Amino acid sequence: MFEHIQAAPPDAILGLSEAFNKDSNPKKVNLSVGVFKDESGKTPIPEAVKEAERRLLEREKSKSYLPIDGLAEFCQFTEQLLFGGQHEAVTGKRTHTAQTPGGTGALRVAADFIHSHMPNATVWVSAPTWPNHPKIFQSAGLKTKEYAYFDAASHGVDIKGLLAAINQIPAGDVICLHACCHNPTGADPTAEQWKQIADAVYARGILPLLDFAYLGFGDGLQPDGVALRELARPGVEMLIASSYSKNFGLYNERVGALTVVTKSAEAATKVASQVKSTIRTNYSNPPSHGGAIVREILADAALRTQWENELAEMRNRINGMRKLFTETMAKKLPSRDFKFIEKQRGMFSYTGLTAQQVDLLKEKFGIYAVRDGRINVAGITTSNCEPLCDAIAAVIKETGG
Ligand code: LMR
């Protein structure tokens, strides 16, 4: 039965971590997978999470199933965090949120939901995007196409190309947008550009699916919500896949959420029942622990403040490393301008390194990055920055630019 099956290629991102773990080079540096690292290169558990876990351990009385769409209070706090206190979509009961196993789980539930209820819709993804995006949508049976997004010359958003692309998307299709901290480029639209994007999306009759995996990693919880605030206009429909992997450091607890925004409260009730049916036939109901931690923190003013401070520390460290990397590269290779790294936001930057240069970094220096040139800026530390920049300068010189 299985003899004819060929091996699948390694995952473009997680496959690199597997290779990194096997590498015996003592100076190896992992700039591939998107996990936050502190100055010592460790991925810490936030203190607010530790405290919430202590409380949960004391209080927990049962491991019985959660409801299909998860912990109700977790879902309410998620909506508050995403939309802010008194958003009309929430108070008008036009939203429904389901707790999911991570942001990837939310995307997969969204994909299955779209496939069941809009089977002819194509999902448009940015060029470039997170490599798992098209795979998730295609695995659910959907077609995917790309829209223009990144301007390699300016290392920023190609807003003209993006708006022109949106204006070609047929009504009834879905556009997957990165709410902030675009993965893999680190290039985000400005507030004014988000307004133009929302105008174009709704003028065409396209459904936005907002992937919100990095809330708080760009400029802060409030500024990072600009895309959502612009898109969540009165009476519109949308989908939001959010994640607590990065901003709560809950990677392996798999906690995220799918929020559906409908035109009316009546539609929200019906859609909620369909989302539940999608989940029931997939993983039945979500794991509890991660969602319970998030609820505990968001429900307690002191814990919440502590978490917000810890999130700010993570964000500030990444932005500090952006500055240090730019300054160090300016010394090591003055002929090449890396200032754009400082302007980009979130965990990632598209360095402009070619696949050949990335391969050389791995082979010669044990430095792991994604082959499209994406680096995880959080993997840079004050001690590895100098050798890293030396290595980057060396491979750029070796390959002639
Ligand atoms: C990444 O892009 O590195 C992260 O989102 C982790 C993943 O699952 O790929």
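The values are calculated or read from the model by the stated rules, or taken from the named source; none is laboratory data. This one's a predicted model, so the numbers in the text were calculated from it and none came from an experiment. Cβ placement follows ideal geometry from the backbone for every residue including glycine, while neighbour counts extend to all protein chains displayed.
If you go through region 87-139 and keep only what is hydrophobic (A, V, I, L, M, F, W, C) and within 27 Å of G156 (Cβ to Cβ), you end up with L107, V123, W124, V125, A127, W130, I136, F137.
Considering each residue of region 158-179 in turn, at least one proves to be outside any helix (DSSP H, G or I), crowded, with 18+ Cβ neighbours inside 10 Å, without any contact (Cβ under 8 Å) to a residue 24 or more places away in the chain and away from the ligand (no atom under 16 Å from the Cβ). Looking only at residues in region 22-47 that are polar (S, T, N, Q) and within 15 Å of the ligand (Cβ to nearest atom), the one that is nearest to the chain's Cα centre (by Cα) is S32. The set of residues from region 135-154 being over 19 Å from the mean Cα position of the chain (by Cα) and either surrounded by 20 or more Cβ atoms within 10 Å (Cβ to Cβ) or not assigned by TED's automatic domain parsing to the domain that holds S116 (or both) comprises just one member, L142.
Taking helices (runs of 4 or more DSSP H) as the structural unit, those lying wholly within region 59-140 and holding at least 3 residues that are within 16 Å of the ligand (Cβ to nearest atom) correspond to 102-117, 132-139. Within region 351-401, being within 16 Å of the ligand (Cβ to nearest atom) and on the phi > 0 side of the Ramachandran plot holds for one residue alone: G373.
Of the residues examined, F348 is one that is under 24 Å from the mean Cα position of the chain (by Cα), on the phi < 0 side of the Ramachandran plot and in the same structural domain as V29 (by TED's automatic domain parsing). Of the residues T281, T326, the single one that is touching an Asp or Glu at 6+ places or on another chain (Cβ under 6 Å), without any contact (Cβ under 8 Å) to a residue 60 or more places away in the chain and β-branched (V, I, T) is T326.
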